[in-house]
Amino acid sequence: MSRAGKSSKGGAKKAARNQLQLPEVLDLRAAAPLAQTFLARRGAELSVDASSVRRVGAQCLQVLVAAAATWKADGVCLRLEKPTEEFLEGSRLLGIHLDREIA
């Protein structure tokens, strides 16, 4: 394999590591694994894809808010991408506006 081939393959892996796909249901059972995922990715820019979320609970929103605060304190970019209307509405009902808090 050429050196260029190795480089592009590594780039694809790096891009995949820098994106987190949220599950369809963010309930109590999803909170601890979500927190562990954020801890494992701390220190690197991260794009959080919320395009599959259909239901969101307070515990997972708390994890997301804590992650946003941590990334901000670390001076690292954390982006929320493609949030569903259900995700945004669920967060607004709890008084959390993640669409504004995660840049």
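None of the figures in this text is laboratory data; all of them are computed from the coordinates on show. Given the structure is predicted, the values throughout are model-derived calculations rather than measurements. Cβ: placed from backbone, ideal geometry, glycine included. Neighbour counts: every protein chain shown.
Residues of segment 31-75 falling in the label zone of E24, defined by backbone nitrogen less than 16 Å from a point 7 Å along Cα to beta-carbon, are 50-57.
Set against the 2.2 N^0.38 Å expectation for a compact globular protein, segment 18-101 has a Cα radius of gyration ratio of 0.97. Each peptide among 63-71, 26-34 gets the average number of other Cβ atoms lying within 10 Å of its residues, and from highest to lowest they stand as 63-71, 26-34.
Using θ = phi - 60° in the Karplus curve 6.51 cos²θ - 1.76 cosθ + 1.60, the 3J(HN,Hα) couplings for segment 34-51 round to 5, 4, 5, 5, 5, 4, 5, 9, 4, x, 10, 4, 9, 10, 9, 8, 9, 6 Hz; x is entered for Gly and Pro.
Which length gain, in nm to one decimal place, applies between E81 and S51 when the Cα-Cα distance is subtracted from 0.36 nm times their residue separation? Working shown, then result.
Working: separation 30, 0.36 × 30 = 10.80 nm, distance 0.74 nm.
Gain in length upon complete extension: 10.1 nm.
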